[in-house]
Amino acid sequence: PNSRAGSKGMPGTGGPGYKIDCELTGENQYHDRGVLSMAHAGRNTGGSQFFICHSRDNTSHLDRNHTCFGRVVEGLDIIDDIRQGDVIEKVTIKEE
């Protein structure tokens, strides 16, 4: 999705070619510090983009509008160091 060298369109736009429906019910749909949530361009249009919340400040408009699907449980200090424009070089997902 327009994130590789030579891609057409604006970086950060596009998608994987499929859509993921929003899951907005349940107790864990609040955007607290360290929460991973699905980005979308409207209900049920999520695909390959996500965001990580740095804090609870100014996130209440996301609650029950964007699907929370994970939480950083270790290394929150790394999240604190992330700045706009940083490049993610590696992601490791650990299933418990």
Could you check, for segment 66-79, whether at least one of its residues is assigned to a loop (DSSP other than H, G, I, E, B) and within 17 Å of Cys22 (Cα to Cα)? yes
Residue ID - nearest to Thr67 (Cα to Cα), chosen from residues in segment 31-46 that are touching a helix residue (DSSP H, G or I) at 6+ places or on another chain (Cβ under 8 Å) and part of a loop (DSSP other than H, G, I, E, B): His31
Count of residues meeting criterion [of a type outside the set (Phe, Trp, Tyr), touching a residue at least 12 places away in the same chain (Cβ under 8 Å) and surrounded by 10 or more Cβ atoms within 10 Å (Cβ to Cβ)] in segment 64-96: 12
Could you tell me which residue of segment 34-63 is surrounded by the most Cβ atoms within 10 Å (Cβ to Cβ), considering only residues that are among the small types (Gly, Ala, Ser), under 13 Å from the mean Cα position of the chain (by Cα) and at pLDDT below 90? Gly46
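The values are calculated or read from the model by the stated rules, or taken from the named source; none is laboratory data. Given the structure is predicted, the values throughout are model-derived calculations rather than measurements. Cβ sites come from the backbone with ideal geometry, for glycine too, and all protein chains shown count toward neighbours.
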